[in-house]
Structures are given as C-alpha cells and as structure tokens.
1. Find the residue count for region 253-288, including only residues that are in a loop (DSSP other than H, G, I, E, B) and either among the charged types (D, E, K, R) or closer than 17 Å to D235 by Cβ (or both).
2. Of all residues in region 80-121, which are surrounded by 15 or more Cβ atoms within 10 Å (Cβ to Cβ) and of a type in the set (D, E, K, R)?
3. Inside region 289-319, can you point out the residues that are under 16 Å from N252 (Cβ atoms) and either assigned to a loop (DSSP other than H, G, I, E, B) or without any contact (Cβ under 8 Å) to a residue 12 or more places away in the chain (or both)?
4. Go through region 168-191 and count every residue that is touching a Leu at 6+ places or on another chain (Cβ under 8 Å), in a loop (DSSP other than H, G, I, E, B) and of a type in the set (S, T, N, Q).
5. Within region 138-167, can you find the residues that are touching a strand residue (DSSP E or B) at 6+ places or on another chain (Cβ under 6 Å), within 16 Å of G181 (Cβ to Cβ), assigned to a loop (DSSP other than H, G, I, E, B) and of a type in the set (G, A, S)?
6. Within region 230-266, can you find the residues that are surrounded by fewer than 22 Cβ atoms within 10 Å (Cβ to Cβ) and small (G, A, S)?
7. Picking from T281, T308, which residue would you name as being out of contact with any strand residue (DSSP E or B) (no Cβ under 6 Å at 6 or more places or on another chain), at pLDDT 95 or above and of a type in the set (S, T, Y)?
8. For V269, work out the one condition from (1) within 22 Å of N293 (Cα to Cα); (2) at pLDDT 95 or above; (3) surrounded by fewer than 20 Cβ atoms within 10 Å (Cβ to Cβ) it doesn't fulfil.
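The values are calculated or read from the model by the stated rules, or taken from the named source; none is laboratory data. Everything numeric in this text was worked out from a predicted model, so none of it was measured. Here the Cβ positions follow ideal geometry from the backbone for every residue, glycine too, while neighbour counts run over all protein chains shown.
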Amino acid sequence: MKKAIAALLSMFVGIFGYAIVDETIEARVSNLEAAVSSQQEEIESLHHIGKYTPSSIGPTTGYTGPTSQTAVSPETIPDFPVSGMCGDYIKWELTADGKLTISGKGDYYSESPEYLKYRKYITSAVIENGITQIGDSAFYVCTGLTSVTIGNSVTSIGHAAFEACTGLTSITIPDSVTSIGGYAFWSCTGLTSITIPDSVTSIIYGAFCGCAGLTSITIPNSITIIGDKAFSGCDGLTSVTIGNSVTRIGNNAFEYCTGLTSVTIPDSVTSLAGSAFYNCTSLETVKLGKNLNSIGQQAFCNCSELKTVYVGDKITYIDREAFAKCGKLTDVYYAGTEEQWKAINIGESNARLTNAKIHYKSSF
C-alpha cells in the first residue's frame, strides 16, 4: 500500500508539473493507516485526498499530524462505561450508547487522547462548559461520529481535531472560539454545513480541505486571512461569500472547487496568492476587488469555463499563467484607462487575458 501511495503522489507531480509535493500528505496517510488498521475500507476511501494536493500546503508551524495514537495498545472489547483523563483536570467517559462526554476545566493534553482506541464506538460527543480548548487530533478519524456539541467556554479548536470524521454532517462552532487549527476539519467529506462565528479572525492552512459535501460557505467579516488550502477540494461548493475584512486569500485556497460558477473578491483584498482558484472548472465570472494589487501564479489556471473578469485599477502585477488554460475568456472589464492597463506587469502564458476584449473605464 505504501508503494501505491508513493506512486499516486508521483503521478500528481507528473500531471501537474510541480517540483514540490506536500511531504505531510504521505505522512498523514501513513498515520491514517496506523490509526485505523482495523478499518481498511474506510482508509481506502480516504486515499482519494491526494488529488487535492498538487502543490505544497505552505507553512505548518512544524505540525505534521498526530503521532502518539500509533502507540496506543490494540483495541479490546470495552466494558462500558470506560473513562480516563485527557487533561490535568479533564475527564472523558464513553458509554455503551456511543456518547463521549468531555468534562472538567482547562485544556486538553497536547497528545492524542486515550479514548481514540475506542473510536469505532464513538457516535456522539459532548464537550461540556469549562473546557477551553479542543486538543490536537481530539477526534482524529472518528468516522462514526455524527453529532458534536461544543460548550461555549471553548476558545480554540486544535490541529486535525476533527480530521477525517466522515460521518459528521453539520457542526456549530460557538461564538467563544477565536482560533481554528490547521487541518481541523480536513476530509470531513460528509459535512454539508458549518457556521463560522464572527469571533474567528483567520482560517488557516487546510482547515476545511477536502470537505466535498459543503455546498455553501459564508466567511464572516471578522476573518482577515483565508489560509493556504483552506477550502481546497471542496468540489460541492456552489456558493462562497467572502467577508469584507479579508485582506489576503492564500495559496490554493479554493483550488479544485469545481462547483463554483462565480466569485466576488471584496475590495478589502489586496493580495490573491498562487493557484487560489486553480482548476475551478465551472467558474464563469470573476469580480476582483477594486483594491487588489497582485494576482499570483496560476491563480485562475485551468478555469476552463471562465468567460468574464472584472479588474480594478489598483492592479500592478499579474503573475505567469494566472489565466493560463482559460480557453473561453473573452471579456475583461477594467476600471482604469488603456494607458494604465498597458502599465500592468503581466507575466508570460497569459495570452487568453491579453487577447481578450478589454473594456476600459468600466464600473462595477
């Protein structure tokens, strides 16, 4: 299986021509195998996530995924209820009906909790008031988990906290939460709706990557940064509303969101990073914010249905291949003059953009 995964990763290097492949992906798949070796069918269903990783995921502050659960002893038939500690003052208890209750005060331990060895029995979780942090990998690959209640004392959701919880269909994050960790809901393929509260200020790398069941998302005005790969591979998304406080959209943030047909970037955004909307093959119309000054490499590459782009007059730099393989692009509505357009530094392989009809002094 390891060889098959390596071959899959190599295939994507060949297809997309990227020199760098996210090294964490193979490590994460290995961790998935170790964590749920008794659930091979579910593991196989997770291997499709490779298609969402044609390029590097960006900085991860040293986090490479959960490791400590690989040392947990093999599962035995539990004598319910089972319980233990997952923090200095935090207790967990799992009952025969599949309900996991986390109670007490403070933060989780940093390592993965012991109850994960009973993950196949967990169907619901209640995180009671008093808990301030949901720890890293807290519900890692709990594929049977369908319901989560989060107390309003929780302020942060850790890295990979709900990674690959494929049975989750919805979750409400309370207003107390200010931080959502990387990969927090990575590959939660059953998730169809999620509410991000106004208290959250950034969505960091891979937080909702591979959540293919999401159909719409509203990014609140409190968010200032949409991180790398934040919604990569959410191919069920048909609607995205971006709050007017966002200043940067990260690398590959919405790549492979093949259900999107139109996108409006608010005027607050000044930087659109590389491959931000790479391979959004249903995208037909893009309205770029009036204060956007740069568009990254391959930002809209392979948006094969893209026909119309609206561009503000603050733009100074469009990187190479930003609009490559946009074979149907015919009209660009530009807020500035012809002289201003000619002054823009436009990188190579953007012929579809430069050959389109430019409508100068357009208002939008």
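1. Initial filter on region 253-288 (in a loop (DSSP other than H, G, I, E, B)): 253-261, 265-270, 273-284, 288.
Now narrow it down to the ones that are either among the charged types (D, E, K, R) or closer than 17 Å to D235 by Cβ (or both): 253-261, 267, 275-284.
Residues meeting the conditions: 20.
2. E93, K99, D107, E111, E114, K117, R119, K120
3. Listed by number, the residues that qualify are G296, Q297, Q298, A299, F300, C301, N302, C303, D319.
4. First, the residues of region 168-191 that are touching a Leu at 6+ places or on another chain (Cβ under 8 Å): 168-171, 185, 187-188, 190-191.
Subsequent filtering for residues that are in a loop (DSSP other than H, G, I, E, B) retains 168-169, 185, 187-188, 190-191.
Subsequent filtering for residues that are of a type in the set (S, T, N, Q) retains 169, 187.
Final tally of qualifying residues: 2.
5. Listed by number, the residues that qualify are G158, A161.
6. G236, S239, G243, S245, G259, S262
7. One residue alone meets the criteria, T281.
8. Only one criterion is unmet by V269, namely (3).
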